[in-house]
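Asks: Have a look at this one.
The numbers here are math on the coordinates, done by the rules we state, and not lab data. All figures in this text were calculated on a predicted structure; none of them were measured in a lab. Glycine gets a Cβ as well: all are built from the backbone with ideal geometry, and neighbour counts include every protein chain shown.
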There are 2 protein chains.
Amino acid sequence: MAETGSERDAADEDPMGLDPRRVEPILEAVEARDTARLTALLEPLHPADIADLLEQIGPSERRALLSLWSGEIDGEILSEIDDSIREEVIGNLSPEVLAEAVRELETDDLVDILEDVEAPQQAIILAALDDADRVAVEAAMGYPEHSAGRLMQREVVLAPLHWTVGEAIDHLRSAAGLPEQFYHVILVDPRMKPQAYVTLGRILSSPRDALLRDITEDSFRTVEATDPEADVAYIFNQYHLISCPVVDAGGRLVGVITIDDAMNVLDEEHEEDILRLAGVGDDSSLSDGPLATARQRLPWLVVNLFTASLSALVITQFEGTITALVVLAALMPIVASTGGIAGTQSLAVAVRSLATRSLTSANARRVVLRELGAGMLNGLALAAILGGGAMLILGDPWLGLVLGLAMICNQIVAALGGVLVPLTMNRLGLDPALASGTFVTTLTDVMGFLAFLGFATLLLL
Amino acid sequence: MAETGSERDAADEDPMGLDPRRVEPILEAVEARDTARLTALLEPLHPADIADLLEQIGPSERRALLSLWSGEIDGEILSEIDDSIREEVIGNLSPEVLAEAVRELETDDLVDILEDVEAPQQAIILAALDDADRVAVEAAMGYPEHSAGRLMQREVVLAPLHWTVGEAIDHLRSAAGLPEQFYHVILVDPRMKPQAYVTLGRILSSPRDALLRDITEDSFRTVEATDPEADVAYIFNQYHLISCPVVDAGGRLVGVITIDDAMNVLDEEHEEDILRLAGVGDDSSLSDGPLATARQRLPWLVVNLFTASLSALVITQFEGTITALVVLAALMPIVASTGGIAGTQSLAVAVRSLATRSLTSANARRVVLRELGAGMLNGLALAAILGGGAMLILGDPWLGLVLGLAMICNQIVAALGGVLVPLTMNRLGLDPALASGTFVTTLTDVMGFLAFLGFATLLLL
């Protein structure tokens, strides 16, 4: 992380990103209301690390820090900061500071911020922009949420199809307002429809009289502004794109999406998958307080309360069996719980495969049969261990048989449920990660108790 | 996804990536052993989509397809294909085809392939390379697995600090063997230590006599070749890098990592997190057969069999209580199961936050206290619902009280366990996603049964 040998030693102790040991001195400066010291401590930090700092400290510390230091806040910090506290942070800024901070941002970052704030702050931000930026931002806000149109930047670098490398370089040298980051020159026809693109590397390494259209890239493809951002992220990942032109319904160039935006979308989708699978609202954040956290998690807990009552209802039907043989009450959770683990395993693989589009209608049948096979094999293996163990320890071969049979049934149900529930939700157009976890564990709980107590009633009484 | 209006309509029906409807005709061509038709069907597909196709079809179909078509396979397909079947696919290729296919690949992709194959195939691949590539690949293989050195490409574009834009362009025009993708010119001192970099966009838009060192980027940073790839992926994501020079222990430039490689690493880490949390081995793949799938999942199932026996042991201690009041057997899974959901919620948030480095020693205490608070609040809410419901339905206020008290205890244990288990594993240098799920559900099961049956024994008998 450093350039010279001696600097390197110091850097080695410094973890990448925000060093947790830097946080304490910063909070001390805030408490001492020492703006000079605070500024000196924050000044060397990258905006992304300052955003992390603001996320990691408590709400009252955050307010105190911003009141001492808000004049220095720049647009990049606002752009980096997590959605969950962005509105709070922006609310702490004076209109002048806010207007100053957003002025330097690119349109895609502005759109990202505007999506999250209330109308009065939106008005302040829009008023701070120059006319061209405001028109561009308002146009982007006209596209649906989570669409390519919201993700793209309007600043594009383009050239007519007939230009040479020399003409392109001369144009770039004289052009004003080039985007901060660009990786391709997009070739458009006279109706502004993108036809191909050329990497800057190819332009730089080709002779001045080479035609741009002779050095284009195979990877060229476009997305439509109304395409969902998830599809955009997928094609960046699948085809290793670095930038991708965006067109309107008529095929005309309206913007360009770069890889950093696509990477953000992928990251958010991963977060959504992992949190939804676990039954956590995906607008949850580490900066939320206990009340907000409790509120986000309560809905699925309540759902689970009712689905778990289904298990209770099943068990109630077998009260006679349990009264006759109370050891069954102790053993029944083993079958249910191991089924829950198997269901979760099968589910995680299916949800992940659907997210990466490697589980499709082309191989769904094979994958379901594979899960069935795996469920049977593991059911047999676990039945042998558990049934055998029960026979040895409890000295009752019939009880061992009941445990083994119930285990086989439940492992098969778990493996199938783990893949069929998300496949069904996907076919219904729902996010397969949503609710699947609760459905599948309810299934394995109910089936586990039913199979175990049912076989026990048949074979032991 | 297309350029003109009429093409657009057709493309709209075509999902992004490999269209599942294309798979059937391809498999028919394979079955008919019709190489011409097969080639015509595969020819328009992107290598990444052909790799997906090979992953989605069954092993015997894959073998048949490769025997008909293997002459056409190119290096990019081998590079795109999932690790789990790469060795099988390569094993189906003749040495000549394999040698031909790998020759065009960049060194980072070659290293990725070599890591996965056995010694004889390694020898074939190494023998196929020209001397410079072989030396570069062998040097990369000398770095530790999962390090920056394995990830980087050796082909770099550099310039001395004193060059002008014009000199850089002239050099690039005459240089042979430029990397396929590059985004920066790296400025090095006379000892080959990188000092800064310049984007190609800045070079193209600056006058010929501008000095490169006057148009460098703030985002410049380097990584050491022995740094873990996870750290590299983190800084790409955190600081929005597009490429990053790699240095040796002496600070000298040895290669460069580009964003597509970093994106791959992030993707693999997400996969690892989601699969490990669910207790699935992270070398699992959708192309595995039932036996391989069962084998990957069995270890955690067996572990769970033993941890679930702990719950059984707890319940056994209360056999007298259950015999006296058999309805307890039916109600006890509700408390345990709702605790399991709460533990999973808290766990998913903690694991994800540790992975994105937003949960650190700076805010661990605040997050643990927050979980404690959220657990208490949800415990109270669920206790009111469940306890109240039990009083109404079962008509027994004391039973309602027992359910409510047990629920509060278990929600608190779940919320704390969900964050403390991964924090502890992280502090011990272990992957927090590994095994945490089983630990936490064991904790909530044992605590759920213990609290419920314990309070029942105290208050109901």
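Asks: Take the alpha carbon gyration tensor of the range A:265-365, find the square roots of its eigenvalues, order them as a ≥ b ≥ c, and report rounded if a/c is under 1.5; if not, report prolate when a/b exceeds b/c, else oblate.
Replies: It comes out oblate by the Cα gyration axes.
Asks: Quick check: Cα centre of the range B:205-274 to Cα centre of the range B:351-419, how many Å?
Replies: 43
Asks: Measuring label to label, 7 Å along Cα→Cβ, what does A:L428 give against each other copy in nm, shortest first?
Replies: Between copies, matching label points for A:L428 lie 4.0 nm apart.
Asks: Now, a different point. Going highest first, how would you order A:282-294, B:133-145, B:352-364, B:35-47 by mean Cβ packing within 10 Å?
Replies: In descending order of packing, they fall as B:352-364, A:282-294, B:133-145, B:35-47.
Asks: Just round it to a whole percent: the fraction of Cα-Cα distances in the protein assembly as shown exceeding 54 Å.
Replies: 19
Asks: Within a 10 angstrom radius of each residue's Cβ in B:427-440, how many Cβ atoms of other chains show up on average? Whole number is fine.
Replies: The mean count of partner-chain Cβ atoms within 10 Å per residue comes to 1.
Asks: Quick one: with label points 7 Å out along Cα→Cβ, list the inter-copy distances for A:G395 in nm, shortest first?
Replies: Spelled out, the distances from A:G395's label point are 4.3 nm.
Asks: Which of A:L313, A:L178, A:L253 has the fewest other C-beta atoms within 10 Å, and how do the rest follow up to the most? If you can, show how the numbers build up before the last one.
Replies: Values: A:L313 12, A:L178 15, A:L253 20.
Ascending number of Cβ neighbours within 10 Å: A:L313, A:L178, A:L253.
Asks: Using +1 at the C-beta of Lys and Arg and -1 at the C-beta of Asp and Glu, which of A:L405, A:A233, A:A127 has the Cα lying farthest in the positive direction of the dipole of chain A?
Replies: Farthest along the dipole direction, towards plus: A:L405.
Asks: Among rounded, prolate and oblate, which fits chain B when a ≥ b ≥ c are the square roots of the eigenvalues of its C-alpha gyration tensor, a/c under 1.5 means rounded, and a/b larger than b/c means prolate?
Replies: prolate
Asks: Would you kindly derive the ³J(HN,Hα) couplings of the range A:359-375 from the backbone phi angles with the Karplus curve 6.51 cos²θ - 1.76 cosθ + 1.60 (θ = phi - 60°), listing them in order in whole Hz, with x for Gly and Pro?
Replies: These are the phi-based 3J(HN,Hα) values: 9, 10, 5, 5, 10, 4, 4, 5, 5, 5, 5, 5, 4, 4, x, 5, x Hz.
Asks: Quick check on packing: order B:195-203, A:326-334 by the mean number of other C-beta atoms within 10 Å, highest mean leading.
Replies: Packing order, densest peptide first, comes out as A:326-334, B:195-203.
Asks: Between copies, how far apart are the A:A175 label points? List them in nm, one decimal, shortest first, with each point 7 Å from Cα toward Cβ, please?
Replies: Spelled out, the distances from A:A175's label point are 2.2 nm.
Asks: Can you give me the angle between helix B:119-128 and the longest principal axis of chain B, using Cα atoms only, in degrees from 0 to 90, rounded to the nearest 10?
Replies: Between the helix axis and the principal axis of chain B, the angle is about 30 degrees.
Asks: OK, next. When Cβ neighbours within 10 Å are restricted to other protein chains, what is their mean count per residue of peptide B:354-366?
Replies: 6
Asks: Separate question: How high is the relative contact order of the range A:244-302? Use alpha-carbon pairs under 8 Å, at least six apart in sequence, and give a whole percent.
Replies: Reported as a whole number, the value is 19 percent.
Asks: Of B:G58, B:L93, B:I257, which is farthest towards the positive pole of chain B's charge dipole, taken about the Cα centre with +1 and -1 on the beta-carbons of Lys, Arg and Asp, Glu respectively?
Replies: B:I257
Asks: Under unit Cβ charges (Lys, Arg +1; Asp, Glu -1), what dipole magnitude, rounded to 20 debye, does the range A:70-163 have relative to its Cα centre?
Replies: My answer is approximately 420 debye.
Asks: Give the average, rounded to an integer, of partner chain Cβ atoms located within 10 angstrom of each Cβ in B:199-212.
Replies: On the way: counts 5, 9, 11, 4, 5, 13, 11, 2, 2, 2, 0, 1, 0, 0.
Partner-chain Cβ atoms within 10 Å, mean over residues of B:199-212: 5.
Asks: Let me ask another. So what is the 222 nm mean residue ellipticity for the protein assembly as shown from helices alone, if each DSSP H run of at least 4 adds -39500 (n - 2.57) and you divide by all residues, rounding to the nearest 500 deg cm²/dmol?
Replies: Counting only the DSSP helices, I get -21000 deg cm²/dmol.
Asks: For the range A:30-178, what does the relative contact order come out to in percent, with C-alpha contacts under 8 Å and a separation of six or more?
Replies: Relative contact order comes out at 18 percent.
Asks: Quick one: grab the alpha carbon gyration tensor of the range B:290-460, order the square roots of its eigenvalues as a ≥ b ≥ c, and give me rounded if a/c is under 1.5, else prolate or oblate depending on whether a/b is larger than b/c.
Replies: Numbers: a/c = 2.59, a/b = 1.44, b/c = 1.80.
In terms of gyration-tensor shape, oblate.
Asks: Follow-up question, since we're still on this one. When N counts the residues of the range B:106-263, how does its alpha-carbon radius of gyration compare numerically with 2.2 N^0.38 Å, as a ratio?
Replies: On the way: Rg = 16.2 Å, N = 158, 2.2 N^0.38 = 15.1 Å.
This ratio for the range B:106-263 stands at 1.08.
Asks: If you don't mind, there's one more thing I want to ask. Once phi is turned into θ = phi - 60°, what whole-Hz ³J(HN,Hα) does the Karplus curve with 6.51, -1.76 and 1.60 give for every residue of the range A:439-456, x standing for Gly and Pro?
Replies: 4, 5, 6, 4, 4, 6, 5, 4, 5, x, 5, 4, 5, 5, 6, x, 4, 4
Asks: Report the relative contact order of chain A, percent, no decimals, based on alpha-carbon pairs under 8 angstrom and at least 6 residues apart.
Replies: Worked out over chain A, it gives 11 percent.
Asks: With charges set only on the Cβ (+1 for Lys and Arg, -1 for Asp and Glu), what does the dipole of the range A:290-460 come to about its Cα centre, in debye to the nearest 20?
Replies: That gives a dipole near 700 debye.
Asks: Here is a further query. Report ³J(HN,Hα) in whole Hz for each residue of the range B:220-236, in order, from the Karplus equation J = 6.51 cos²θ - 1.76 cosθ + 1.60 where θ = phi - 60°; Gly and Pro get x.
Replies: Whole-Hz 3J(HN,Hα) from phi for the range B:220-236: 4, 7, 10, 10, 8, 4, 8, 4, x, 5, 4, 5, 4, 4, 4, 6, 4.
Asks: Would you pull out the residues with amide H under 5 Å of B:V188's amide H, same chain only if 5 or more places away, H placed 1.01 Å from N?
Replies: Sorted by chain and number, the residues that satisfy this are B:A159, B:L161, B:Q195.
Asks: While we're on this one: Of all the C-alpha pairs in the range A:194-289, what % are more than 18 Å from each other?
Replies: Result: 59 percent of Cα pairs exceed 18 Å.
Asks: Another one. Sorting check: for B:70-77, B:343-350, which peptide has the highest mean count of neighbouring beta carbons within 10 Å, and how do the rest follow?
Replies: B:343-350, B:70-77
Asks: What is the dipole size for the range B:158-277, taken about its Cα centre, with +1 at each Lys and Arg Cβ and -1 at each Asp and Glu Cβ, in debye to the nearest 20?
Replies: Working: 9 positive and 21 negative charges, 162 e Å.
Dipole about the Cα centre, nearest 20: 780 debye.
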